[in-house]
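Below: one structure, written as structure tokens.
What follows draws every value from the coordinates through simple rules; no lab data is involved. For clarity, every value in this text was computed on a predicted model and none was experimentally measured. Using ideal geometry, Cβ is built from the backbone for each residue, glycine included, and neighbour counts are taken over all protein chains shown.
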Amino acid sequence: MILPSSVLFCCTMNEIRSPMAEGIMKRFHGNQVFVDSVGVRPGSLDPLMVAAMSEIGVDMSRHRPKKFDNLADESFDMAIAVSTEAKHAAADLTRYMHCDLRLWNIVDPSMTEGSREARLAAYRQTRDQLQQKILELFPHSDHMGY
């Protein structure tokens with residue numbers, strides 16, 4: 001697939017899945033693609049998301065969750081929703097423009113209970129699933145794993 005010029009990742013609160021996807025996409029294609037992320041409702045910075053992403057060399061400590069209303073640019077070539085609720089919101093946003101809208105069913109790791117390590121393992125699984133899907137859709141020649 002040819003890289004789109006802009007990609008929007010969206011989820012329910014822009015706390016975990018969509019910022020992870022944004023960070024991973026920027027890691028591999030940030031010099032060629034404008035990437036942003038957004039949520040349906042306001043969220044807050046998730047420390048386990050930051051920890052899981054730092055393990056692969058992506059600093060998300062400055063991420064500030066935002067809603068669709070706070071988008072600086074509303075024109076994207078592709079929107080990838082990781083929750084059904086976000087897909088509906090993205091469909092409203094893209095109704096009057098040509099935009100490839102996709103839904104990836106990615107489990108919200110914040111629903112995992114247990115110790116910090118058990119919860120962090122769920123975040124890692126989500127991160128790895130997102131990375132796999134991104135690299136399948138947008139291959140990167142320099143991908144060396146992590």
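Side notes on the structure shown:
- Dipole axis of segment 33-79 (+1 Lys, Arg; -1 Asp, Glu on Cβ), positive-most option in Met78, Ile56, Ser44: Ser44
- Taking every DSSP helix (H) stretch of at least 4 residues in the chain, weighting each as -39,500 (n - 2.57) and dividing the sum by the residue count yields a mean residue ellipticity at 222 nm of -11500 deg cm²/dmol.
- Net lengthening on full extension, His98/Asp69 (0.36 nm per residue, minus Cα-Cα): 8.5 nm
- Cα gyration tensor category, rounded, prolate or oblate, for segment 76-146 with a/c compared to 1.5: oblate
- Residues of type lysines that Lys26 reaches as a straight line, Cα spacing below 20 Å, ignoring anything fewer than 8 places off in the same chain: Lys66, Lys67, Lys133
- Dipole moment magnitude, nearest 20 debye, the chain about Cα centre, only Lys, Arg, Asp, Glu C-beta charged: 160
- Sequence-distant contacts, meaning Cα pairs under 8 Å at least 6 residues apart, place the relative contact order of segment 16-146 at 28 percent.
- Cα pair distances of the chain binned at 10 Å [whole percent]: 12, 46, 35, 8, 0
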